[in-house]
Amino acid sequence: ARQYLGQLEALDSKIYADVELLKEKKIRITGGGAIRYDKDRVQTSLTDSKLERDVCEVVAFEEKVNERIKQYDQAKEKIIKQIKDLNVATYIDILFRVYVQYMSIKQCASDMGRSYSFIKDQHTEALKAFEQKYQPLKYLT
């Protein structure tokens, strides 16, 4: 259950990396570099075919990123619904904080005003309850 629920954070990290890469690609093709005034200026231009290829590559990559974001949103909705369906308030609260808000067990305990050991034990019980309710777990990503 821990790995199943952890899919959200893994997918979120992949999206973040892809968005950063997309920004770099856009800067590269739009010539977002610095201008040097200490050198002689030479007018250059990208050939239409190279510019066209670069733009097509960026557009295709952006579509891939958008698809991954859509996949993340669907996975998040499903996991939140599954967590809520446990019907034990403490389990819902802990699993939501840890796997949807990406809190550590320690931070979760602090925010809930409970001891670390209590939250750790409840987290283990919540994972068992989740696994029993949704066996077999099918990965979403």
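The values are calculated or read from the model by the stated rules, or taken from the named source; none is laboratory data. Quick caveat: nothing in here was measured; it's all calculated off a predicted structure. Neighbour counts are summed over all protein chains in view; Cβ atoms, including those assigned to glycine, are modelled from backbone coordinates with ideal geometry. Accessible surface is based on the protein model in full, side chains and every heavy atom, while ligands, DNA and RNA are left aside. Shrake-Rupley method; radii C 1.70, N 1.55, O 1.52, S 1.80 Å.
Taking 0.36 nm per residue of separation and subtracting the Cα-Cα distance, what length does fully extending Ala129 through Lys70 add?
Gain on stretching Ala129 to Lys70: 18.4 nm.
With n ≥ 4 as the cut-off for DSSP H runs, can you work out [θ] at 222 nm for the chain, using -39500 (n - 2.57) per run divided by the number of residues, rounded to the nearest 500?
-24000 deg cm²/dmol
How many percent of the alpha carbon pairs in the chain exceed a separation of 28 Å?
That tail contains 43 percent of the Cα-Cα pairs.
Please get the size of the charge dipole for the chain, origin at its Cα centre, with Cβ charges of +1 on Lys and Arg and -1 on Asp and Glu, quoted in debye to the nearest 20.
240 debye
Give me the Kirkwood hydrodynamic radius of segment 79-125, using the inverse of the mean 1/r over all pairs of distinct Cα atoms, in Å to one decimal.
Final number for the Kirkwood radius of segment 79-125 is 10.4 Å.
Quick one: the Cα spread of segment 102-141 along its three principal axes, in angstroms, biggest first?
Answer, in whole Å and largest first: 33, 21, 11 Å.
So if we plug the beta-carbon distance of Thr30 and Ala60 into 1/(1 + (r/R0)^6) with R0 = 22 Å, what FRET efficiency do we get, rounded to 0.05?
0.85
Within the chain, what whole-number % of the accessible surface is contributed by carbon and sulfur, with the 1.4 Å probe and all protein chains included in the calculation?
50 percent
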